[in-house]
């Protein structure tokens, strides 16, 4: 059975700290790994990673995929209170006619002033 | 561009009642999805539609039916609601198998 496991499940840091969120996956016919940020409502897309070892960066956020060890990390440097959210990791497979997403349970990040 | 819209935003049902959750997207996306999100469970796929006229079961389809009315609209129906279906329901769409765009969600409570 396909599964995506995120750790830690929750994390409390102070502004300015750097955090690393982990995601391991076992996905049949794996295609890509996606990261989403969920604040109060809908998840919003952050990154999609398809190739191993290539870092994707957006401002203070970065992510990398290791297809050999089947994991990904999401780094956030110089955290701000606005980074407080649930971060979701999802594995995409080639299932069905389009890629389906298998989500982890999320990491709840709280950034304190 | 409204993106993905969902109606209603909130709904309370009694056990055994039926209702339809509506979803529409204006991005000309081929694929549409319905998820439910429960505390501690992450997002779980209920049904998806790869293109107009096709629908397929996801991880948790029991108790639900869907209709892909046209390319824009994908509805989710609960024929006989049960308390176990209390959840937040998200609709999503995608053009290609890359990122999915999510609607704002419907919070459903079944008493």
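The values are calculated or read from the model by the stated rules, or taken from the named source; none is laboratory data. The model shown is predicted, which means the values in this text are computed figures rather than measured ones. Cβ: placed from backbone, ideal geometry, glycine included. Neighbour counts: every protein chain shown.
Counting the residues of region B:78-96 that are surrounded by 14 or more Cβ atoms within 10 Å (Cβ to Cβ) and either closer than 16 Å to residue B:107 by Cα or touching a helix residue (DSSP H, G or I) at 6+ places or on another chain (Cβ under 9 Å) (or both) gives 10. It is to be established whether one or more residues within region B:36-53 are in contact (Cβ under 8 Å) with a residue 60 or more places away in the chain and under 25 Å from residue B:99 (Cα atoms). Looking for residues that are in contact (Cβ under 8 Å) with a residue 60 or more places away in the chain and under 25 Å from residue B:99 (Cα atoms), one finds at least one in region B:36-53, hence yes. Picking from residues in region A:44-59 that are away from chain B (no Cβ under 13 Å) and surrounded by 11 or more Cβ atoms within 10 Å (Cβ to Cβ), the one that is farthest from the chain's Cα centre (by Cα) is A:52. On the stretch given as region B:92-111, residues that are touching a strand residue (DSSP E or B) at 6+ places or on another chain (Cβ under 6 Å), closer than 18 Å to residue A:91 by Cα and either more than 11 Å from chain A (Cβ to nearest Cβ) or touching a residue at least 60 places away in the same chain (Cβ under 8 Å) (or both) total 6. For region A:92-110, the criterion of a residue being more than 14 Å from chain B (Cβ to nearest Cβ), out of contact with any helix residue (DSSP H, G or I) (no Cβ under 8 Å at 6 or more places or on another chain) and touching a residue at least 40 places away in the same chain (Cβ under 8 Å) is satisfied by at least one position. Of the strands (runs of 3 or more DSSP E) lying entirely inside chain A, those carrying at least 2 residues that are farther than 30 Å from residue B:56 by Cβ are A:10-14, A:19-26, A:56-58, A:61-66, A:71-76, A:107-112. Determine whether residue A:32 is under 24 Å from residue B:102 (Cα atoms), surrounded by 15 or more Cβ atoms within 10 Å (Cβ to Cβ), modelled with pLDDT of 90 or more and more than 14 Å from every other protein chain (Cβ to nearest Cβ). Against the criterion (under 24 Å from residue B:102 (Cα atoms), surrounded by 15 or more Cβ atoms within 10 Å (Cβ to Cβ), modelled with pLDDT of 90 or more and more than 14 Å from every other protein chain (Cβ to nearest Cβ)), residue A:32 does not qualify.
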